[in-house]
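Enquirer: Just passing along the structure, written as structure tokens.
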Amino acid sequence: MNIPNKFRQHGLSMIELLVALAISSFLILGITQIYIDNKRSYMFQQSQAGNLDNSRFAVLMLDEVLSKAGYRRAPDQSMEDAFPPNDTFLRCNAFPAAAVISTLKDANATGFCIRYQPAVADDDLCDGNTTSLTNELPFRYPAQNETIYLAIEYTPHASEQGGSISCRSSKGGNAELLEGIADMQIEFASGFEMEKRLKDNAYKNASSWQSSDGIVRAIRYSVLSSSRSGQRDGDSLVFTNWLDNIAFDSSEERLEARDNRNIYQAAIGSQALRNMMP
């Protein structure tokens, strides 16, 4: 039976509509998954870029500070005369004669202290202050009260990214240099004997360094940068290696408790104090 065109129905049947909805649903699910994967990849790359920036800046900053340790304006001045025993900087333990590296007075803190003579007047310090000299002519002995004392200190925070590195000077300033640091370890070494340098224990935890260990002539530092929480899907090889091989017992528990799928990046460096070399 032929039905006139004006009485025929137009449009989709229920079956065709259901098929179209099913196909659209699969397409939407696929696009959504691609978006989620791309977003996760973007966040991972951004977190790692931030960690790399923090690690590079930490290395540059620590190397710059350590390069000043023990500097003398007059090369003919003896180390004992330029750097006599001193315990006036409250953030640091006493400096023995001729020593330019000391430990922090707070036994629970991580970091180190240095001292050096300013090369020029009005040189910027890491805490925002400037140096001063009564006699700005080159190769002149500065006054003892013009010696610069700096304390580099790592402070754990309650934030998800761990803590920060700060600088304090004998000028009275205090400045936060770097955030997003999950942990920092400092080790000292003193001797030049070849047999000691070849041993695994050439470096010793700075917090347990004693005056009987000698004058510090080399420092090894390890910095662990951290992203925000929730950026990692699985285990972190960097974090595991840090806990197994670098972190001291005093910080392992804190690191494990604060790890919440963060992304980590480690930076390790060492520097022999050039101004302490014979």
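The values are calculated or read from the model by the stated rules, or taken from the named source; none is laboratory data. From a predicted model like this one, the values you see are computed outputs, not experimental measurements. Cβ coordinates were reconstructed from backbone atoms using ideal geometry, including for glycine residues, and neighbour counts include every protein chain displayed.
Enquirer: Kindly indicate whether any position in region 221-244 is in a strand (DSSP E or B) and of a type in the set (A, V, I, L, M, F, W, C). Spell out how you get there, then give the answer.
Expert: Within region 221-244, the first condition is being in a strand (DSSP E or B), and the residues that meet it are 221-226.
Filter again for of a type in the set (A, V, I, L, M, F, W, C), leaving 223-224.
Within region 221-244, one or more residues are in a strand (DSSP E or B) and of a type in the set (A, V, I, L, M, F, W, C).
Enquirer: Shifting gears a bit: So, F89, is that one assigned to a loop (DSSP other than H, G, I, E, B) and either crowded, with 17+ Cβ neighbours inside 10 Å or of a type outside the set (A, V, I, L, M) (or both) or not? Even if it seems obvious, please write down each step before you answer.
Expert: Values: assigned to a loop (DSSP other than H, G, I, E, B): yes; either crowded, with 17+ Cβ neighbours inside 10 Å or of a type outside the set (A, V, I, L, M) (or both): yes.
Yes: the conditions hold for F89.
Enquirer: Kindly indicate the residue of region 71-104 that is touching a strand residue (DSSP E or B) at 6+ places or on another chain (Cβ under 6 Å) and not aliphatic (A, V, I, L, M) and also nearest to R220 (Cα to Cα) among those meeting that condition.
Expert: Selected residue: S102.
Enquirer: Failed condition for M43, given (1) under 30 Å from S227 (Cβ atoms); (2) modelled with pLDDT of 80 or more, with all others met?
Expert: (2)
Enquirer: Take region 233-259 and flag every residue that is surrounded by 12 or more Cβ atoms within 10 Å (Cβ to Cβ) and either aliphatic (A, V, I, L, M) or touching a residue at least 40 places away in the same chain (Cβ under 8 Å) (or both). Write out each step before concluding.
Expert: Taking region 233-259 as the starting set, the residues that turn out to be surrounded by 12 or more Cβ atoms within 10 Å (Cβ to Cβ) are 236, 238-239, 241-243, 246-248, 250-252, 254-255, 258-259.
Scanning region 233-259 gives V238, W242, L243, I246, A247, F248, S250, S251, R254, L255, R258.
Enquirer: Of the residues I165, I101, I152, which single one is under 24 Å from A74 (Cβ atoms) and either among the hydrophobic types (A, V, I, L, M, F, W, C) or modelled with pLDDT under 90 (or both)? Lay out the reasoning, then the answer.
Expert: Numbers: I165 fails: under 24 Å from A74 (Cβ atoms); I152 fails: under 24 Å from A74 (Cβ atoms).
None of the others qualify; the one that does is I101.
Enquirer: Among the residues that make up region 45-68, is at least one of them touching a residue at least 40 places away in the same chain (Cβ under 8 Å), in a loop (DSSP other than H, G, I, E, B) and in contact with a strand residue (DSSP E or B) (Cβ under 6 Å, 6 or more places away or on another chain)?
Expert: Our first condition is that a residue be touching a residue at least 40 places away in the same chain (Cβ under 8 Å); within region 45-68, this holds for 47-48, 50-52, 54-59, 61-63, 65-68.
If we keep only those that are in a loop (DSSP other than H, G, I, E, B) as well, we get none.
Looking through region 45-68, none of the residues is touching a residue at least 40 places away in the same chain (Cβ under 8 Å), in a loop (DSSP other than H, G, I, E, B) and in contact with a strand residue (DSSP E or B) (Cβ under 6 Å, 6 or more places away or on another chain).
Enquirer: I've got another one for you. Check F112, F83, F95 and return the single one that is among the aromatic types (F, W, Y) and closer than 25 Å to E179 by Cβ.
Expert: On the way: F83 fails: closer than 25 Å to E179 by Cβ; F95 fails: closer than 25 Å to E179 by Cβ.
F112 is the lone residue from the list that is among the aromatic types (F, W, Y) and closer than 25 Å to E179 by Cβ.
Enquirer: Can you pull out every residue in region 212-232 that is charged (D, E, K, R), closer than 23 Å to I114 by Cα and surrounded by fewer than 20 Cβ atoms within 10 Å (Cβ to Cβ)?
Expert: In the first step, residues of region 212-232 are kept if they are charged (D, E, K, R); the result is 213, 217, 220, 228, 232.
Next, from what is left, pick out any that are closer than 23 Å to I114 by Cα: 213, 217, 220.
Matches in region 212-232: D213, R220.
Enquirer: Something else about it: In the list S207, S227, S211, which residue meets the criterion of being under 24 Å from D37 (Cα atoms) and in contact (Cβ under 8 Å) with a residue 12 or more places away in the chain?
Expert: Details: S207 fails: under 24 Å from D37 (Cα atoms); S211 fails: under 24 Å from D37 (Cα atoms).
Unique residue meeting the criteria: S227.
Enquirer: Given the conditions (1) acidic (D, E); (2) more than 30 Å from the chain's Cα centre (by Cα); (3) at pLDDT 85 or above, report the number of the one that E16 does not fulfil.
Expert: All conditions are met except number (3).
Enquirer: So, one more: Restricting to region 157-175, count the residues that are over 30 Å from I215 (Cβ atoms) and either among the aliphatic types (A, V, I, L, M) or surrounded by fewer than 23 Cβ atoms within 10 Å (Cβ to Cβ) (or both). Reasoning before the result, please.
Expert: Of the residues in region 157-175, the ones over 30 Å from I215 (Cβ atoms) are 157-162.
With the extra rule that they be either among the aliphatic types (A, V, I, L, M) or surrounded by fewer than 23 Cβ atoms within 10 Å (Cβ to Cβ) (or both), the set shrinks to 157-161.
The number of residues fulfilling the criteria is 5.
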